[in-house]
1. Can you put D168, D69 in order of Cβ neighbours within 10 angstrom, beginning with the fewest?
2. Which order results if V128, V15 are arranged by neighbouring Cβ count within 10 Å, fewest first?
3. Below 8 Å, C-alpha to C-alpha, sequence gap of six or more: please give me the relative contact order for the chain in percent.
4. Is it possible to state the helix-based mean residue ellipticity at 222 nm for the chain, with each DSSP H run of 4+ residues giving -39500 (n - 2.57), the sum divided by total residues, to the nearest 500 deg cm²/dmol? What is it?
5. What is the extension gain from K94 to R126, computed as 0.36 nm multiplied by their sequence separation minus the C-alpha to C-alpha distance, in nm to one decimal?
6. Give the order of W133, W155 when sorted by the count of other beta carbons within 10 angstrom, beginning with the fewest.
7. Would you list, by chain and number, the lysines whose Cα falls below 27 Å from the Cα of K94, excluding same-chain residues fewer than 8 positions away?
8. Round to the nearest 0.05 the FRET efficiency obtained for V191 and T105 when R0 = 22 Å and r is the Cβ-Cβ distance.
Amino acid sequence: MAEYHLTAPLKDEDVMQLHIGDTVYLSGPCFTCRSKLQRYIFDEKHTLPFTPADGSVLIHNGPIVVKRDTGWELMSFMPTSSIRFEKWGAASIKEWNLKLVCGKTTMGEQTAKAMQEMHCVHVSPRSVSPLLWIDSIEIEGVDLFEEMGSIEAPWHFKLNELGPFVVDMDCYGNNLFDEIDKEVRENKKKVYNTLGIPEDFRYTRLYGNENTCEP
């Protein structure tokens with residue numbers, strides 16, 4: 001697996017060199033979003049108060065930020081689970097000119113199709129580092145703060161070698177977690193066969209199956 005240090009805004013060639021399992025560090029501008037912003041824009045049909053640059057980076061994140069006399073101070077940062085936003089995934093990629101989406105876990109089929117069409121990837125953090133990463137992030141501004149509050153408002157960050165992230169969805173339709181799940185299922189089947197455990201085994205009687213053990 002390869003390692004890449006990318007600077008936003010990204011180009012097609014930046015994204016097309018990435019494959020699942022690669023490691024990525026991010027620099028340059030990005031913005032954040034969670035459910036409230038996507039519902040506000042895509043469901044309620046409001047206008048985004050800024051224009052994302054072509055090749056933008058989006059992070060699914062609700063940062064912990066406090067207001068100081070000298071300005072905003074980032075206290076904690078950690079991407080949140082992207083699969084929760086699958087409803088708006090394809091639309092956000094197409095309408096916000098995204099080349100990279102960052103969040104924990106992965107996303108679904110419609111987002112994957114949009115990533116193939118628009119040359120976009122999804123990356124996940126390789127670690128849980130909410131305090132270690134804040135030194136790599138500079139706050140440049142925030143929109144809709146009064147309307148949405150600190151957690152849900154779109155923040156504008158400048159990144160400096162933020163990472164490491166792993167590419168879990170590339171622009172060729174590959175999904176790292178699907179591959180891992182497939183390997184786990186195959187290994188589980190082999191182990192069950194070796195131990196003489198039926199494939200429909202369940203761990204408790206809550207499932208109403210005779211092939212269970214006591215809780």
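1. D69, D168
2. Fewest-to-most ranking of V128, V15: V128, V15.
3. 24
4. -7500 deg cm²/dmol
5. 8.9 nm
6. W133, W155
7. Correct list for K94: K11, K36, K45, K104, K113, K158.
8. That gives a FRET efficiency of 0.30.
Readers should treat all values here as calculations from the given coordinates under stated rules, not as data from a laboratory. This is a predicted model, so every value here is computed, not measured. So basically every Cβ, Gly included, is an ideal-geometry build from the backbone, and we count neighbours across all protein chains shown.
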